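The structure under discussion appears below in the form of structure tokens.
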């Protein structure tokens, strides 16, 4: 038997599985499983991609200066304290690599994003799961779990897959209560969907133990190009840049992201339409006897009566060409996460769930 073995923790990782995108033998598919913007990227971003093809033989920028400056201008931040990555996932992994290792602990909540646990294990650290309360992040539970081994605390706000969030007063209380050597990482993948919410950027400005991450994959509609960014104290950015790959983002991705973030009118249009259809979908599901928590993101967590009912409903939806996301892996076996699509998609999935609840079953 080979004596070649990976680092401890690697084999404990369950590979991440993305949202399903096709159903064998079924056409006219509506994909509502990956929280994608149904309207796609802005025309400005699309045009930037087209222009970029003429420079595909050139290496991209290594410092991402132009994109960082655009982000800084739009959000009122310091460009030098911004780091860009292959989605926000890369930045989460870099944080684990830089600040956690064997003997350290990384805290995440029970329904938190799977990458937190994966990143901790990949770094050789121990992931520590803390309970949520009614599918909402609980600061008291996190603080109780903290100890001398705690190095990172990950929370998504709004959270995925629940859609719930906590207020800034609670986030500030959490940051203030952490052990001296621990970092609070605020995953703001869905922050743009919350009107007036800065994702924790102002808190980063006032504290030395808070990092904020964001993504272009959701509201900006650039999931296929994989672009994210983070904002942190300068010394943390300096550390992360030491281990970040020098050419981690293509010039096409950089150009598209810069165009997307500057097209603020398109961003606002998508945000408003998402809020409208999110409210409509939640109410339509409730009328069919399917409750959901108040979502602040671009999806609704539809709660069925049991795991068996959720599985049967998912099968029925697939037979109708509708793909949603089972979230049993997030300890929510009786729930289905449904992306807020365009109006026809929302009406179609709500109607199908109504048919299912009225007695229809997948043959």
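The values are calculated or read from the model by the stated rules, or taken from the named source; none is laboratory data. These figures come from a predicted structure and were not determined experimentally. Cβ sites come from the backbone with ideal geometry, for glycine too, and all protein chains shown count toward neighbours.
Conditions tested, residue by residue: (1) at pLDDT below 95; (2) within 28 Å of residue 332 (Cα to Cα); (3) part of a strand (DSSP E or B).
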{"residue": "142", "(1), (2), (3)": "no, yes, no"}
{"residue": "155", "(1), (2), (3)": "no, yes, yes"}
{"residue": "158", "(1), (2), (3)": "no, yes, no"}
{"residue": "169", "(1), (2), (3)": "no, yes, no"}
{"residue": "176", "(1), (2), (3)": "no, no, no"}
{"residue": "205", "(1), (2), (3)": "no, no, no"}
{"residue": "218", "(1), (2), (3)": "no, yes, no"}
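Listed here are the residues, each with its yes/no results for (1) under 16 Å from residue 91 (Cβ atoms); (2) over 21 Å from the mean Cα position of the chain (by Cα).
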site: 153; (1), (2): yes, no
site: 202; (1), (2): no, no
site: 245; (1), (2): yes, yes
site: 251; (1), (2): no, yes
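Between 173, 135, which is surrounded by fewer than 23 Cβ atoms within 10 Å (Cβ to Cβ), farther than 20 Å from residue 97 by Cβ and within 20 Å of the chain's Cα centre (by Cα)?
Only one candidate qualifies: 135.
Step by step: first the residues of segment 176-197, then only those that are surrounded by 17 or more Cβ atoms within 10 Å (Cβ to Cβ) and over 18 Å from the mean Cα position of the chain (by Cα), then the one that is nearest to residue 114 (Cα to Cα). Which residue is that?
So the residue we want is 183.
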Subject >> Flag for residue 28 being part of a loop (DSSP other than H, G, I, E, B), in contact (Cβ under 8 Å) with a residue 40 or more places away in the chain, over 27 Å from residue 243 (Cβ atoms) and touching a strand residue (DSSP E or B) at 6+ places or on another chain (Cβ under 6 Å) >> reply: no
Subject >> Sole residue being in a helix (DSSP H, G or I) and in contact with a strand residue (DSSP E or B) (Cβ under 9 Å, 6 or more places away or on another chain), chosen from 249, 254 >> reply: 254
Original post:
Quick one: is residue 275 assigned to a helix (DSSP H, G or I) and closer than 23 Å to residue 170 by Cβ?
Top reply: yes
